[in-house]
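Below: one structure, written as structure tokens.
The values are calculated or read from the model by the stated rules, or taken from the named source; none is laboratory data. On a predicted model such as this, the values are computed, not experimentally measured, just so you know. Cβ sites come from the backbone with ideal geometry, for glycine too, and all protein chains shown count toward neighbours. Please note that ligands, DNA and RNA were not included when accessible areas were found on the heavy atoms of the full protein model with its side chains. Shrake-Rupley method; radii C 1.70, N 1.55, O 1.52, S 1.80 Å.
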Amino acid sequence: MAITLKIVEKAVARKDFDFLAAKLADKLQKLGWSRDDIAALADRIADRLP
């Protein structure tokens with residue numbers, strides 16, 4: 001299962017960030033990322049916000 005640009009664009013257009021986060025987390029877990037790794041990525045993204 002790939003996360004296509006179309007899925008990302010639709011989620012962003014609808015401001016459905018819960019859906020987007022769930023899709024990303026699911027894909028990362030399937031790639032072997034731990035829950036802690038995904039949480040650390042979320043923290044790093046949040047740190048980059050103005």
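Here are a few things to note about the model shown:
- Counting only lysines at least 8 places from K10 when in the same chain, those with an alpha carbon closer than 19 Å to its own are K23, K27.
- Taken about its Cα centre, the chain carries a charge dipole of about 240 debye when Lys and Arg each add +1 at the Cβ and Asp and Glu each add -1 at the Cβ.
- Surface share of carbon and sulfur [accessible, 1.4 angstrom probe, percent] for the chain: 58
- Only one item in [x] 12.8; [y] 11.7; [z] 14.1 matches Kirkwood radius over Cα pairs in Å derived from the coordinates shown, and that item is [y].
- Average accessible surface for the chain: 87 Å² per residue, computed with a 1.4 Å probe over protein heavy atoms with every protein chain in place.
- Summarising the label geometry, the points placed 7 Å from Cα in the beta-carbon direction at A42 and L5 lie 2.8 nm from one another.
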